[in-house]
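Written out below as structure tokens is the structure these notes cover.
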Amino acid sequence: MKLAFFDSGIGGLSVLHHALKILPREEFIFFADEDNVPYGTKTPAQVLSFVDEAFEFLAAQKVSAIVVACNTATSVAVRKMRTKYPLPIIGMEPALKLALDTFPARKVLVTATAITINGEKIRRLIKRLHAENFSELKALPGLVTFAERQEFASPAVEEYLRGQLAPYDWEKFSSLVLGCTHFNYFKDTLRKILPPHVRILDGNAGTVNELIRRTNLTPQPADVRPSVKFFYSARLVTDAAELARLGKFLARLDEMEDIT
Ligand code: DGL
């Protein structure tokens, strides 16, 4: 089955990385909108038009499902895309429910882009989970810039995160939720900064499970090399240096995988 994964940039590789392990026999397309990244600092109207264009391209590839591996694009555009395209469209949801179900007694810090945090979708989620007194929201746009330039664990990354996370009284928190797919590259620095009882959670497994459910696929043994075509804003990536750049992101995700 041909499956598309879409993100503003390379954050969505973290969801693809998980899917490749579980569904290695499927045929994957990864679309990174490198011409327009970052989305999180733009207006919702701009993001909607970027997503519209990307979907037009992906639908023309005759894919069987599209995973919007971007919380920001999900927040702004997934409802609209579902009305336009009659195929399974799976969005991201910050793992707030997982955090509250696992650790009911303490608060959750949901980190994301400014668009996600200021959006209606996250408000509705908090309301639905009755999490008004058990959640706080924090935008970390700097991490998107660091990720895109492959600056994963530098002194500047650490200083940025220490500064952004300093105001929180961590005794009150059980977990930090990665509500932006670009944030998965920084789990080691986050682990270093956060007290041991604060767990780092993401929505990647939940999204891939939903993809499996909606496509009636079943998990497969890891005995084949998955097939993936990468696109930067509708341009097929064939250049060896660019493919090596993407490989470096996937290798980084291998290293981050078991950090919680
Ligand atoms: N990776 C995206 C997300 O999950 C968006 C990052 C950006 O482009 O600002 O929200």
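The values are calculated or read from the model by the stated rules, or taken from the named source; none is laboratory data. Small disclaimer: the values here were computed from a predicted structure and weren't measured. Virtual Cβ from ideal backbone geometry, glycine too; neighbours counted across all protein chains shown. All accessible areas refer to the heavy atoms of the entire protein, side chains included, with ligands and DNA or RNA removed. Shrake-Rupley method; radii C 1.70, N 1.55, O 1.52, S 1.80 Å.
Sorting the segments 146-152, 110-116 by their mean number of nearby beta carbons within 10 angstrom, highest to lowest, gives 110-116, 146-152. What you get for the chain, charging only the Cβ of Lys and Arg (+1) and of Asp and Glu (-1), is a dipole of about 760 debye around the Cα centre.
Peptides 63-71, 78-86 ranked from most to least packed by the mean count of surrounding Cβ atoms within 10 Å: 63-71, 78-86. When the GluC sites (Glu not before Pro) in the range 113-142 are filtered for DSSP coil states and for at most 10 other beta-carbon atoms within 10 Å of their beta-carbon, the remaining sites are GLU132. The string of couplings for the range 6-19 from the Karplus curve (6.51, -1.76, 1.60, θ = phi - 60°) is 10, 8, 4, x, 9, x, x, 4, 5, 7, 4, 3, 5, 5 Hz, one whole number per residue in order, with x for Gly and Pro. Principal axis extents of the C-alpha atoms in the range 115-260 (largest first, rounded to whole Å): 46, 41, 29.
For q values of 0.08, 0.09, 0.11, 0.14 Å⁻¹, compute log₁₀ I(q)/I(0) with the Debye formula on a Cα-only model of the chain, without solvent. Scattering profile of the chain, log10 relative to I(0): -0.29, -0.37, -0.56, -0.93. Accessible surface computed residue by residue for the range 1-99, with neighbouring protein chains in place and a 1.4 Å probe, gives 35 Å² per residue. Over the chain, Cα pairs under 8 Å with separation of 6+ residues give a relative contact order of 29 percent. Computed over the chain, the per-residue total of -39500 (n - 2.57) for DSSP H runs of n ≥ 4 gives a 222 nm mean residue ellipticity of -13500 deg cm²/dmol, rounded to 500.
At a 1.4 Å probe radius, which order do SER154, SER175 fall into by accessible area, largest first? If you can, show how the numbers build up before the last one.
Working: SER154 25, SER175 0 Å².
Sorted by accessible area, descending: SER154, SER175.
Dipole of the chain computed with +1 at Lys/Arg Cβ and -1 at Asp/Glu Cβ about the Cα centre; of LEU129, LEU100, ILE89, farthest Cα towards the positive end is LEU129.
The portion of the accessible surface of the chain made up by carbon and sulfur, rounded to a whole percent, is 54 (1.4 Å probe; DNA, RNA and ligands excluded). Only one residue of ALA59, PHE6, THR215 has its Cα farthest out toward the positive end of the dipole of the chain, where Lys and Arg carry +1 and Asp and Glu -1 on Cβ, and that residue is THR215.
Computed over the Cα atoms of the range 198-260, the ratio of the radius of gyration to the Kirkwood radius (Rg/Rh) comes to 1.02. Working note: Karplus 6.51/-1.76/1.60 with θ = phi - 60° gives the range 140-147 the couplings 10, x, x, 5, 5, 5, 4, 5 Hz, where Gly and Pro are set to x.
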